[in-house]
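> After the structure tokens below, expect a handful of questions from me.
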Amino acid sequence: MAGRDPVGTFSEAVDIQSGPGCRPVELRWRGERYQVVSGRRRPFVLSGYLGAEGRLNTTEYELWELEVTHPERSRRTMKVTHRVGGSRWRLLCLADDRQQRSAVGLAR
């Protein structure tokens, strides 16, 4: 589709299995299992939002950019996030290798 962003951006629950140092090693999404090949952690703080008790809150989050593989699909990059110390993860963005190459003008 012309003018369409080639990288899908959304928010959807995913299951993450972590290894040593809380590093993601496996991701389950829509009933499929992906092995994490590499990942980059980017911590950030969300501050100044109103909590349920009417006070301003600050919460630490981690954004992980994961390169994952699946036996029947090409490599993908998935950006996932969670609250530090929490166990619920959200998938925010995903792209397969062909989409990423196209987005930066490398597709043939």
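> When you scan the range 42-51, do you find a residue that is within 18 Å of GLN17 (Cβ to Cβ), modelled with pLDDT of 90 or more and touching a strand residue (DSSP E or B) at 6+ places or on another chain (Cβ under 6 Å), even just one?
Checked against the condition, which is being within 18 Å of GLN17 (Cβ to Cβ), modelled with pLDDT of 90 or more and touching a strand residue (DSSP E or B) at 6+ places or on another chain (Cβ under 6 Å), the range 42-51 yields no hits at all.
> Can you tell me which residue within the range 64-92, out of those that are touching a Pro at 6+ places or on another chain (Cβ under 8 Å) and among the aliphatic types (A, V, I, L, M), is surrounded by the fewest Cβ atoms within 10 Å (Cβ to Cβ)?
VAL84
> Only one residue in LEU50, LEU46, LEU63, LEU56 is of a type in the set (A, V, I, L, M) and within 14 Å of PRO24 (Cβ to Cβ). Which one?
LEU63
> Could you please give the count of residues in the range 67-98 that are assigned to a strand (DSSP E or B) and either closer than 16 Å to SER11 by Cβ or among the basic types (Lys, Arg) (or both)?
16
The values are calculated or read from the model by the stated rules, or taken from the named source; none is laboratory data. Note that this is a predicted model, so its numbers are computed, not measured. FYI the Cβ positions are ideal-geometry reconstructions off the backbone, even for glycines, and counts take in every protein chain you see.
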